[in-house]
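Have a look at the structure below, then the notes.
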């Protein structure tokens, strides 16, 4: 699982301290296709909880994420460098790269496509873009703050769902429990099956740092 969508209204609260990734009770919950996520306006668990999955093997309000980490990596130390004729922009690829020779910046693929045979001339202004054959790269910052956790899992599930929703359960009510991100898993229907949401090796949430 490589792609997550952040709820934009909550995004900066990770930095402002309203959501403490390390110490808060961060949950992963399964939500059905009757929920229509809106990353711009949805703010609290009270919105998707009305469409939370229900069935054998699943406990309401999801499971707590274990082994949470928050790691900053400077651009030149980012582990994934650009590669020629490589597909970018899908859930199965690493969409954040540094140039093969570090220049102090990290770039994100926008859209889906295949990189060219030779490396592009990388812009060094944050927000600037460069076209690389079928990929457009955006300069996003001088480093990445990666939020990660152990992969959440369930056993013996009999239920249908579509979304994995990550939220902070620490506040006292659903109306004040911040949404953090969600993943569209596609329609899932399980019968007495185990399920694990496998997070990308780069991290669950990647936050560019200018």
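Every number in this text was worked out from the coordinates using simple rules, so none of it is lab data. The structure displayed is predicted, hence computed values, not measured ones.
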Legend entry - Whole-number D in µm²/s for region 15-55 (Stokes-Einstein; Kirkwood sum over Cα pairs; 20 °C, 1.002 mPa s): 178
Legend entry - Mean separation of Cα contacts under 8 Å, 6 or more apart, over the residue count of region 49-108: relative contact order %: 27
Inset, instruction - Compare 28, 87, 128 in a GNM of the chain, Cα atoms joined below 10 Å, and give the one with the largest fluctuation. - result: 128
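What do the square roots of 5 times the Cα gyration tensor eigenvalues come to for region 16-113, in whole Å, largest first, as semi-axes of the equivalent ellipsoid? Don't skip to the end; give the middle numbers.
Details: eigenvalues 228, 71, 37 Å².
Value: 34, 19, 14 Å, ordered largest first.
Any chance you could run the full-extension gain for residue 172 through residue 70? It's 0.36 nm times the residue separation minus the Cα-Cα distance, nm to one decimal. Numbers along the way, then the final one.
Values: separation 102, 0.36 × 102 = 36.72 nm, distance 2.44 nm.
Extra length available between residue 172 and residue 70 comes to 34.3 nm.
Please state, rounded to one decimal and in Å, the Kirkwood hydrodynamic radius that the chain gives when every pair of distinct Cα atoms enters the mean of 1/r.
Values: mean 1/r = 0.0550 Å⁻¹.
Mean inverse Cα-Cα distance, inverted, gives 18.2 Å.
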Legend entry - Calculated [θ] (222 nm, deg cm²/dmol) that DSSP helices of n ≥ 4 give over the chain, each run adding -39,500 (n - 2.57): -500 deg cm²/dmol
Legend entry - For the chain: relative contact order, % (alpha-carbon pairs under 8 angstrom, 6 or more apart): 28
Inset, instruction - Quick one: work out Rg over Rh on the C-alpha atoms of region 27-80, Rh as Kirkwood radius. - result: 1.14
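Quote the Stokes-Einstein diffusion coefficient, in whole µm² s⁻¹, for region 73-144, based on the Kirkwood radius over alpha carbon pairs, a temperature of 25 °C and a viscosity of 0.890 mPa s. Mind dumping the intermediate values first?
Details: Rh = 11.7 Å.
Approximately 209 µm²/s, per Stokes-Einstein.
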